Amino acid sequence: MFDYTVTTSKSVDEAVASLEENLKEEQFGVLWNFDLTAKLQEKGQDFDTSYKILEVCNPKEANTVLSENLMVGYFLPCKIVVYKDGEETKIGMPKPTSLIGMAEDGGKLTEVAADIENRLISCIDRTA
C-alpha cells in the first residue's frame with residue numbers, strides 16, 4: 001500500500017499540535033504547516049474541509065539520502081496530512097519506502113527509508 005493512514009477522535013488542530021510534539025521527539029522538524037483549506041478559500045474556491053499538510057524533515061536523514069541520490073530530493077520534505085473526513089479526523093502520509101522504490105538505485109536506500117517510515121508511523125500512532 002502506498003500510504004499509511006489512521007483515524008483519530010481529535011480535531012484537526014488538536015491532532016496537528018500533538019503530531020508536532022511527537023515529531024520533535026524523533027528529531028523531525030515541521031518546516032511548513034500548510035492550511036490547504038484557507039489557501040483554497042483565499043483563491044475563491046468553495047472548499048470547507050479542514051485540511052492541513054505538514055512538511056517534515058530530519059536534517060541528518062535528509063543528508064544521508066541526498067548524499068546517496070540527489071533525485072531523492074523530489075520526495076523531500078516528507079509530507080503528513082491531517083484532515084477531516086466526515087465526522088472523523090484522518091492522519092496519513094505516503095510511505096517513504098513506496099516513494100524510494102520509484103527512485104533510480106532507490107534500493108540502496110530502502111533500509112533508511114524503512115527506518116524513517118517506522119519513526120513517522122510511530123509519531124502518527126502516538127498522535128492518534
All positions within the stretch 1-42 that are exposed (fewer than 14 other Cβ atoms within 10 Å of the Cβ) and part of a loop (DSSP other than H, G, I, E, B): Met1, Phe2, Ser9, Ser11, Gln27
Which numbered condition Asp125 misses (of (1) under 16 Å from Lys24 (Cα atoms); (2) surrounded by 14 or more Cβ atoms within 10 Å (Cβ to Cβ)): (2)
Subset of the stretch 16-31 [in contact (Cβ under 8 Å) with a residue 24 or more places away in the chain and out of contact with any helix residue (DSSP H, G or I) (no Cβ under 6 Å at 6 or more places or on another chain)]: Val16, Glu20, Glu25, Gln27, Phe28, Gly29, Leu31
Residue check for Ile91: outside any loop (DSSP other than H, G, I, E, B), aliphatic (A, V, I, L, M) and within 22 Å of Leu109 (Cβ to Cβ): no
The stretch 94-118, residues that are in a loop (DSSP other than H, G, I, E, B) and under 14 Å from the mean Cα position of the chain (by Cα): Lys95
Matching residues, the stretch 15-24, being more than 16 Å from Glu117 (Cβ to Cβ) and not hydrophobic (A, V, I, L, M, F, W, C): Ser18, Glu20, Glu21, Lys24
Counted residues, the stretch 43-86 - those being part of a loop (DSSP other than H, G, I, E, B) and either within 21 Å of Asp125 (Cβ to Cβ) or touching a residue at least 24 places away in the same chain (Cβ under 8 Å) (or both): 5
Residue within the stretch 68-78 that is within 21 Å of Ser18 (Cα to Cα) and modelled with pLDDT of 95 or more present: yes
Residue that is surrounded by the most Cβ atoms within 10 Å (Cβ to Cβ) [pool: residues in the stretch 81-122 that are farther than 18 Å from Cys57 by Cα and in contact with a strand residue (DSSP E or B) (Cβ under 6 Å, 6 or more places away or on another chain)]: Thr89
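The values are calculated or read from the model by the stated rules, or taken from the named source; none is laboratory data. Source: prediction; values computed, not measured. Here Cβ is always computed from backbone atoms with ideal geometry, including for glycine, and neighbour counts include all displayed protein chains.
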